[in-house]
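Written out below as C-alpha cells is the structure these notes cover.
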Amino acid sequence: MFRHENYLLVTAVHVDNSFDELRIELLQQFAVGRSPARQQIRRSLQDLERCAIRAVTRERIGFRLSYVEVVEGSERHLRELLASGGTVLGYVYPHTPLELFLAHGITPSLVRTNQSVQGGFEASLQTFSCSLTRNLFSQRSSGALPPFSGLLFPTNTCDSLHNVADIWRHRFPEDKLFRLTYPAARFDEGSVQFLAEELRILSESLEETYGRALANDDLLAAVSLVNDFRNAAQTLYSCRVVDPCLVSYSELARMVREFLIVPNASTIDQISKSASAASRILGERGQLSLVKSLQKGLLTGALSHIKITVESKSPRILVTGGMIEPQAIASLFRGSTKSDNEVVVLDLLSLGFKTAFTPPVILKDDPFVAMSRSILGAPSEPTQEGLPGRLEFLRLLLSKLSVDGLVVCEQSFCDPDQFEAPSLAKVASDLDVPAVRLPMDPELSDRARLEGRIQSFLETLEGGQR
C-alpha cells in the first residue's frame, strides 16, 4: 500500500504472483487538523483504508480457497521442481536445517499429510503409531508420496517418528533415508556441540550421496534466504496479534506452507509485501513500535513489558498444539465462523509459529555450531523437555495479548500431545480463560464434530459467559 497526498494506492498480490492496484481518492485537505469534525473524517478515512485492504485480500488473495485448493496450490511448485529433475529431499520434522540442504544444492521440502490418503499401514506399523506417521506411511504405501530424492527422519524426538523410519527402511529399501539425532537437553553448551556434530555428519552424508560439497558462498546465500523468511513471517505474525484483520490467518498459513514446501525468494517476497503493508498501516496508527517489541518478545520469550489492549467484536483465540497443519485449523475455523480473520490471532503450532520464530543463523566461526544454536533456540516441542517453560510462555501470552479463548489441538494417538494438553488447559483455567481440547487426525475424518465444537466454543465466548 502506498499513501499519496491525494490518494491511497493498494497493491493486491495474487496467489499466482500477479497483482492488481486499487486507487482510492482521499480528501486529504479535510483529513488534517485538530477540529472534532476533521478528526472524525480522518478516522473515517483510516477505516476506509483498513476496509479496502480487507476487501482486496478477501476477494483476490485466496481468502475463499478451500483447504484442498490451498494444498493443491502449494504442491504445484513442488511438482514442477520434481518434473524438472531437481534434487528434493523430504523432511518430516519442522526443526530441520533448511540452510544446510540449500547450501548443498538440495531443495528441502516438508512432507505434509494428505487428507485423501487413508489405510496402508495396518500390516506394518505398531499400534501406538500416531495418526501423523500413519498418514505419511500410507502415502508411501499407496504411491501418493512425491518422488523425493531422499527423506530425512528425526531421532530422539518421539517413538512414532523414530520407529516409522526403521519400518520405512525395511519396507522400502530403495529409498535414500537420512537421520538427524537431536539432543535430549536443549539449553546447555554440550547440546549445542552434540547437534553441531550431528549436522556435520549429515552434511558429509549429503555430499557423499549427491556429490555436492558444502561451499561457503552457497551457505551464506542459503542462510540469508531462510533468515529473510523468518524475519518476514515473524513481522506478519506480530502485526496480526495487534490487528488480525490486516491479513487472514488462512493467508498467513498458506504463505508459510509454500515456503516450507519449496523455499524460494518469490514466496518470501509475498510474505514481505504483506508484512510491509500491515506494518505501514500500524505505523500510521502509532503502533509500529509495539509490533517490533512484540516480535522481539515472541522470539525471546520476554513478554513481561508487553500489554496489548484491544476492543474487538469477535473473540481473540490462541491455538496451540504440536505437528498440526495450520491450514487445517484455518479451514475448521472458516467452517465454523465467517470471521477467521479476526478470530485466530496467534498459533503455537510446530508447523506455524514454532517454525517461523526460530532464531536466525548467525555465521561466525563454525557454521554447524551456528545452525545448531538456531535449531535449539526455537520454541520447544511436546516431544522435548521444557514443559515448565512452555507453560510459562503460554501463561504470558494469555495474560498479555488480550486472548479470550484457548484451543488445544491434539494429534490423534500422539502421546506427547495428549500428555501435555491437560497442563495447557489448566494454565488457561488458572487465568480464567476458557479452553477447549480438539483431538484430530490429518484426514479431518470427523470434521463436522470439530467444526461443531469450535462453533459452540465461539458462541459461548461471544455470549459473554466468561
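At-a-glance table
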quantity	calculated
Options 299, 332, 318: the member that is buried (at least 23 other Cβ atoms within 10 Å of the Cβ), assigned to a helix (DSSP H, G or I) and not hydroxyl-bearing (Ser, Thr, Tyr)	332
Residue 268 vs. criteria crowded, with 16+ Cβ neighbours inside 10 Å, under 17 Å from residue 233 (Cβ atoms), among the β-branched types (Val, Ile, Thr) and out of contact with any His (no Cβ under 8 Å at 6 or more places or on another chain)	yes
Some residue of segment 404-414 being outside any strand (DSSP E or B), within 20 Å of residue 95 (Cβ to Cβ), among the small types (Gly, Ala, Ser) and in contact (Cβ under 8 Å) with a residue 60 or more places away in the chain	no
Selection status of residue 137, free of Cβ contacts under 8 Å to residues at least 60 places away in the same chain, surrounded by fewer than 20 Cβ atoms within 10 Å (Cβ to Cβ), of a type in the set (A, V, I, L, M, F, W, C) and farther than 20 Å from residue 380 by Cβ	no
Candidates 345, 407 - the one that is surrounded by 21 or more Cβ atoms within 10 Å (Cβ to Cβ) and in contact with a Lys or Arg (Cβ under 6 Å, 6 or more places away or on another chain)	345
Odd one out for residue 312, checked against (1) under 27 Å from residue 427 (Cβ atoms); (2) in contact with a Lys or Arg (Cβ under 9 Å, 6 or more places away or on another chain)	(2)
Residue match in segment 231-250 (condition: touching a Pro at 6+ places or on another chain (Cβ under 6 Å) and outside any loop (DSSP other than H, G, I, E, B))	no
Segment 411-421, subset surrounded by fewer than 22 Cβ atoms within 10 Å (Cβ to Cβ) and in contact with a strand residue (DSSP E or B) (Cβ under 6 Å, 6 or more places away or on another chain), residue nearest to residue 444 (Cα to Cα)	412
Of residues in segment 347-403 being among the acidic types (Asp, Glu) and part of a loop (DSSP other than H, G, I, E, B), the one nearest to residue 333 (Cα to Cα)	381
Options 260, 202, 220; residue that is closer than 30 Å to residue 392 by Cβ and in contact with a helix residue (DSSP H, G or I) (Cβ under 9 Å, 6 or more places away or on another chain)	260
Residue in segment 111-119 that is within 21 Å of residue 262 (Cβ to Cβ) and charged (D, E, K, R) present	yes
Filter result for residue 161 (of a type outside the set (D, E, K, R), in contact (Cβ under 8 Å) with a residue 60 or more places away in the chain, crowded, with 20+ Cβ neighbours inside 10 Å and not in a loop (DSSP other than H, G, I, E, B))	yes
In segment 389-398, residue farthest from residue 297 (Cα to Cα) [restricted to those that are at pLDDT 95 or above and of a type outside the set (D, E, K, R)]	391
Condition met for residue 442 (under 20 Å from the mean Cα position of the chain (by Cα) and not charged (D, E, K, R))	yes
Test result for residue 445, assigned to a loop (DSSP other than H, G, I, E, B) and at pLDDT below 90	yes
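Here's the yes/no breakdown for (1) aromatic (Phe, Trp, Tyr); (2) assigned to a loop (DSSP other than H, G, I, E, B); (3) surrounded by fewer than 18 Cβ atoms within 10 Å (Cβ to Cβ); (4) modelled with pLDDT under 95:
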residue: 170; (1), (2), (3), (4): no, no, yes, yes
residue: 180; (1), (2), (3), (4): no, no, no, no
residue: 187; (1), (2), (3), (4): yes, yes, yes, yes
residue: 190; (1), (2), (3), (4): no, no, yes, yes
residue: 195; (1), (2), (3), (4): no, no, no, no
residue: 203; (1), (2), (3), (4): no, no, no, no
residue: 206; (1), (2), (3), (4): no, no, no, no
residue: 213; (1), (2), (3), (4): no, yes, yes, yes
residue: 221; (1), (2), (3), (4): no, no, yes, no
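The values are calculated or read from the model by the stated rules, or taken from the named source; none is laboratory data. As the structure is a prediction and not an experimental result, all values here were calculated from the model. For neighbour counting, all protein chains shown are included, and Cβ atoms are generated from backbone atoms with ideal geometry for every residue, glycine included.
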